[in-house]
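In what follows, a single structure is set out as structure tokens and then discussed.
Please treat every number below as a calculation from the coordinates, not as lab data. Quick caveat: nothing in here was measured; it's all calculated off a predicted structure. Cβ: placed from backbone, ideal geometry, glycine included. Neighbour counts: every protein chain shown.
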Amino acid sequence: MKLITAIIKPHQLDAVKEALEAYGISGMTVSEASGYGRQRGHSEVYRGAEYTVDFVPKLRLEVLVDDMDASSVADVILKSAQTGRIGDGKIWTQPVEDVIRVRTGERGSEAI
Amino acid sequence: MLADSFPMSPTLLPVAAEPAIDASATAFVLLCASLVLLMTPGLALFYGGMTRAKSVLNMMMMSFGAMGVVGVIYVLWGYSMSFGGSNIGGIIGNPFENFGLKGVVGDATGATLDANGTAIIDVFGADVWIPEVLFVGFQLTFAIITVALISGAIADRAKFSTWLLFSGFWVTLAYFPIAHMVWGGGLLSGSEDGLSAKIFGATDGVANVLPIDFAGGTVVHINAGVAGLVLALIVGKRLGFGKTAMRPHNVPLVMLGAGLLWFGWFGFNAGSELAADGLSSLVWVNTTVATCAAILGWLVVEKVRDGHATSVGAASGVVAGLVAITPACGALSPVGSIILGLVAGGLAALAVGLKFRFGYDDSLDVVGVHLVAGLWGTVGAGLLATSGGLFYGDGIKQLVVQIVIALASLIFSAIVTALIGLALKATVGWRITDDDEVAGIDQSEHAESGYDLVARGGRLGVTSTGPQTDARHADELAEEGVKA
């Protein structure tokens, strides 16, 4: 099993979710994140005092998949999250030792 | 009718034949007093939104705390020191003469009574009588907001108990004397013993040049603005001032607060006429257009200097305009008010940067907004007053008098605030500990947090440990065999 983690632009979430559903992925976890890579933050001014906001708001999307699906699911995310402009984010894949569904106790691929 | 003609004591007024309560004026002032009281919760929102999230409650509590302390004190000795008691040296009224509103309610021996035995006053000698206790209520709200204004200078770091002590001492030793001096027939009023009469002479017991402070440019804004500056210096900077980000955590709250302040300010300015008449109507319009112009003045400075017109700038422009028009609102034309407001917004927008240049942490710009716009409004009235103003060809006498009352109240307030602030610093102390300040003053001073938003279900890892469980409910659960 693999864990695919994608950092994406917040407003791309709907597109990515729809694409994953169309591919047949039935669940995912999304959390708010902030950070920067090549895209840097912006500045804000309050009563003349300027602040630089270094971290840009992003979403972290996590999907557990079977080994054989990993590459194509990453592709689905790539295509749906891509705008071609700076700050589109990153996708990475890691191996996962075990997965357990809490309600039933199922393990492994059954639990995905 | 100018506010400077508040008599030394209402009971000394010439009594009209069978004076009776003016119902329209009474209804109007009742409403205005309620509007002015609303300004303080409005200020709490305005200030609260500008602090960081970890200190929003303390910021708002400084306003609500001032309401508690000052409201009680005003009835006990505040009114007597400001308006009631006999004049002591032109600086203060006798605090014991009307202590606890003695002589105003109940056995009002010596006061003017209407047919029902209610003590009534005609503050401006215009034969418009309102219950004296209503005048007390109206003035009480002014004292509260003035103290609350100062709190913006010491956000995030002051012990709540010290702030409450300060509120009581300051309103007694700084606010009541200046209110008495300007409105109660003291040194800064148009009485024959006042500074204006000493400079330019008096005729028939009234100064030839009447000082203009309709609703409190000196008493409220210069007074609170200077006090903010002095306290900011005494209390010291927040940890990380000028280094870490201290941006407003909730700008919509700031704008909501500015809107409430504006609404309440109609009671403040128009209400200061104490009658529903032509002048209070003119004051309403002057207050509005000056504020509108000040929004534009502030935004233009921001656009040119910073590149953007900001929401916090618009909200701040509202307050700067309201502050500036406060002393002048009864003496200007609407067009004059626009000019006064436009300059006020621009000046204050430039002035808020001074704290970084000079290194004092006036956290929410009490100096930049209230002191600067208050000084400009008071002095600007000497330029723009339709009667007596320099720009209307009436010479510089009015301007000189305006500068004198502005400086006199500034110096008096600075000295008194410094004495109180330093005394508190040496005894009970001003600052919370550094650790508490970093963690957020809301937790250390109030044991609360302003927001509880994690995943909308509340903060993680919070367990009930206090006596808030409903005992009856727990029993019922036990009967049903449910482990509570």
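Structure notes:
- Per-region count, region B:300-319, residues closer than 15 Å to B:A258 by Cα and more than 11 Å from chain A (Cβ to nearest Cβ): 3
- The set of residues from region B:320-335 being away from chain A (no Cβ under 14 Å) and crowded, with 24+ Cβ neighbours inside 10 Å comprises B:G321, B:L322, B:V323, B:A324, B:I325, B:T326, B:P327, B:A328, B:C329, B:G330, B:A331, B:L332.
- Top-ranked residue of region B:185-240 - restricted to ones that are touching an Asp or Glu at 6+ places or on another chain (Cβ under 8 Å) and charged (D, E, K, R), ranked as surrounded by the fewest Cβ atoms within 10 Å (Cβ to Cβ): B:K237
- If you go through region A:1-35 and keep only what is of a type in the set (D, E, K, R) and more than 14 Å from every other protein chain (Cβ to nearest Cβ), you end up with A:K2, A:K9, A:D14, A:K17, A:E18, A:E21.
- Selected residue (criterion: nearest to B:F266 (Cα to Cα)) from residues of region B:39-54 that are aliphatic (A, V, I, L, M) and crowded, with 24+ Cβ neighbours inside 10 Å: B:M39
- Residues located in region B:253-281, provided they are away from every other protein chain (no Cβ under 14 Å) and more than 21 Å from B:T218 (Cβ to Cβ): B:L256, B:G257, B:G259, B:L260, B:W262, B:F263, B:A275, B:A276, B:D277, B:G278, B:S281
- Scanning region A:42-72 for residues that are within 30 Å of B:R247 (Cβ to Cβ) and of a type in the set (A, V, I, L, M, F, W, C), we see that the one that is surrounded by the most Cβ atoms within 10 Å (Cβ to Cβ) is A:L61.
- Failed criterion for A:R38 (all others in (1) farther than 30 Å from B:H308 by Cβ; (2) loosely packed, with under 12 Cβ neighbours inside 10 Å; (3) away from every other protein chain (no Cβ under 14 Å) hold): (1)
- Looking across region B:344-377 at every residue that is among the small types (G, A, S) and at the interface with chain A (Cβ under 10 Å from one of its Cβ atoms), the one that is surrounded by the fewest Cβ atoms within 10 Å (Cβ to Cβ) is identified as B:G353.
- Residue match in region B:98-107 (condition: at negative phi, aromatic (F, W, Y), part of a helix (DSSP H, G or I) and in contact with a Ser or Thr (Cβ under 7 Å, 6 or more places away or on another chain)): yes
- Here B:D452 clears all of (1) of a type in the set (D, E, K, R); (2) more than 14 Å from chain A (Cβ to nearest Cβ); (3) under 20 Å from the mean Cα position of the chain (by Cα) except the condition numbered (3).
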